[in-house]
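The values are calculated or read from the model by the stated rules, or taken from the named source; none is laboratory data. Keep in mind the model is a prediction, meaning the values are calculated, not measured. Reconstructed Cβ throughout: ideal geometry from the backbone, glycine too, with neighbour counts over all protein chains shown.
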């Protein structure tokens, strides 16, 4: 549910008034999105201090082979300020976060960060999500575990943090673009396809 709080001097939270029609239209657009079966979606608490109105969605990508294995997770947050925000150069800011395990070879690939960032920029363009003022980071981390920690000895993780200003109320396009980023980070095959066989090759569709 969208947060309906703003801050006054002294830190007191008070209702900002009726939910703006523009923000309501944006949330209705979000509700039309149907993620692919591997992605679980839930509403999570939204930040209350960044904008008068906000909405947040939590995302998890499960393994098709092991229901207990999580391939990636993410958050998609919408911030709305009807008076506009100078830093955003607009009224609606989308914020996305992705965390996923990836191939160890990716850590040594100097182009990986650029490729991962292009997942977002390409997805926004391909989905027709009108936007500007996009920015963010791609972080790669390699870990080696010792002792009795119950986890793989070696692991590599990637984190993508991004934000951009949305134009209009068609936030379904923006969320669909972000879901594409999450799918890429999790290593999922294109929607409608599945991986078969021990060689991991995409050989068929679910249709």
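General observations
- Some residue of the range 32-49 being in contact with a helix residue (DSSP H, G or I) (Cβ under 8 Å, 6 or more places away or on another chain), farther than 24 Å from residue 159 by Cα and assigned to a loop (DSSP other than H, G, I, E, B): yes
- Residues of the range 78-102 that are under 20 Å from the mean Cα position of the chain (by Cα) and not in a strand (DSSP E or B): 88, 102.
- Condition met for residue 142 (surrounded by fewer than 16 Cβ atoms within 10 Å (Cβ to Cβ), farther than 22 Å from residue 37 by Cα and at pLDDT below 95): yes
- When residues in the range 77-134 are screened for being closer than 22 Å to residue 55 by Cα, at pLDDT below 95 and surrounded by fewer than 12 Cβ atoms within 10 Å (Cβ to Cβ), 4 of them pass.
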